[in-house]
Every structure is written in C-alpha cells, then in structure tokens.
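To start, the structure under review is shown below, and the notes come after it.
Throughout, read-outs are computed from the coordinates displayed, never taken from laboratory work. Source: prediction; values computed, not measured. Every residue, glycine as well, gets a Cβ built from its backbone with ideal geometry; the counts of neighbours run over all protein chains shown.
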Amino acid sequence: MNTRKVRLWLGIILVVVLVSFGLLGARRWANRQPTPPRESRFVAGPAARLVEEVTYETCGHVEKKEKPFPSSQRGLGLADLTALYPAWDVTASDDNLVLKATRPGLCPLCREKLFVGLDGEEVVVFYGTPEGPHEIKERTGISTGGLPEEALLDLRTGIAIENKEQLSQVLEGLMN
C-alpha cells in the first residue's frame, strides 16, 4: 500500500509540474513581443545611384531620374535615409536607393501641350491633349453664346495649340 501512495503522490507531482510548465509556456507565448526586423544595411558602392520616381496622379505618367549617390550618405541605414527624405517612399533595390513619390496634376511633358476647349459655356485653355488627361491652364472669359456652330464643334473636340502665336490667333478669332 505504501508503494501505491508513493506512486499516487509522484503522479500528482508530475501532473502539477507538467501543468505548471504548460501554463508558463502559454503565458510566455501570449506575452511575447514581436522581434523587430533587422534593418537591412544599405551600403552604397561606387556604382550606386539615387533613383527618383515620381508618379503624376492626373496623367499617370512616371518620371524617373537617376543621380549619383551622395557620398555623404554612404553607409547610412534605410531608417536614416528615410529620415533624410521625408516626402519620399524610400527603398533599396540592388545597389540603388529608390525614392518614390506621387504628385498631383500632370507631368511636365503633358503640361507642355496645350489646347483650347470648353468648360461648360466658357472657352478655356487646357494643359494636356483633348483625347487624354488634361487640366485647366486659364479661363478666357469668352462665352459660347455668340460663337458660330463650326467654332463650337471645334471647341468641343478641342483645338490643339502648337505655340503662343497660334494660341493668340485662336483666342483672337473667337473674340471677334
């Protein structure tokens, strides 16, 4: 009978120890802190470039510029580089530092193109092309009220402008 009591006590002690370890492990698992990812060290080599990619919201075009990597920034980590470029999304790609940003409006190439068209009942000069994305450059104050039907048709489809002289001629013709 003594051996039975000893076995019973040993069994109880074993169960208590196992439950304690299980609870301790569960508590540690529940309170664990996620390990922060190790910051990848961006170390620019001699061929490293700084790549700027700007996406324009209105036209969707991406303007990409590559520059030599500044020697004063070599050896800095991504967190430090991100702090240096707060207006950019900073990533490392191969041996390059890539800066990405989104800007409102049209890209510089689209802003070089002009056309005259309509905004409601007013003649307006637009950046861009009649078929593509565009935005208002300036309002002319010219109403469509007294314009001939042929001029209105041209304005509805958009009159592409090649230079300032042509713009002056078109607007002058619409005012007369």
Requested in this report: Note the count of lysine pairs whose C-alpha atoms are less than 22 angstrom apart in the chain, limited to pairs 8 or more residues apart or on different chains.
Outcome: 8
Query raised in the report: Distance in nm between label sites at residue 9 and residue 169, each 7 Å beyond Cα in the beta-carbon direction?
Result: 11.4 nm
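Under a Cβ-Cβ cut-off of 15 Å, what is the net charge of the residues other than residue 103 that fall near it, where Lys and Arg count +1 and Asp and Glu count -1?
In short, -2.
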Query - Per-selection Rg to Rh, the chain - Cα, Kirkwood hydrodynamic radius - result: 1.50
Query raised in the report: With each pseudo-label sitting 7 Å past Cα toward Cβ, what's the residue 18-residue 91 distance in nm, one decimal?
Result: 5.0 nm
Query raised in the report: Going by average Cβ neighbours within 10 Å, how do the peptides 116-124, 77-85, 7-15 rank, with the highest at the top?
Result: 116-124, 77-85, 7-15
Report summary line: Counted neighbours (other Cβ, 10 Å), sorted fewest up, put 4, 156, 111 in the order 4, 156, 111
Query - Selection from 85, 133, 109 lying farthest towards where the dipole of segment 23-176 points positive, charges on Cβ - result: 85
Report summary line: About its Cα centre, the chain carries a charge dipole, from +1 on Lys and Arg Cβ atoms and -1 on Asp and Glu Cβ atoms, whose size in debye to the nearest 20 is 2780 debye
**Report entry** Whole-Hz ³J(HN,Hα) from phi, Karplus 6.51 cos²θ - 1.76 cosθ + 1.60, for segment 140-157, glycine and proline x
**Finding:** 8, x, 7, 8, 7, x, x, 7, x, 4, 4, 5, 4, 4, 4, 5, 5, 7
Query raised in the report: Based on DSSP H runs of at least 4 residues, each adding -39500 (n - 2.57), what is the mean residue ellipticity at 222 nm of the chain after dividing by all its residues, to the nearest 500 deg cm²/dmol?
Result: -11000 deg cm²/dmol
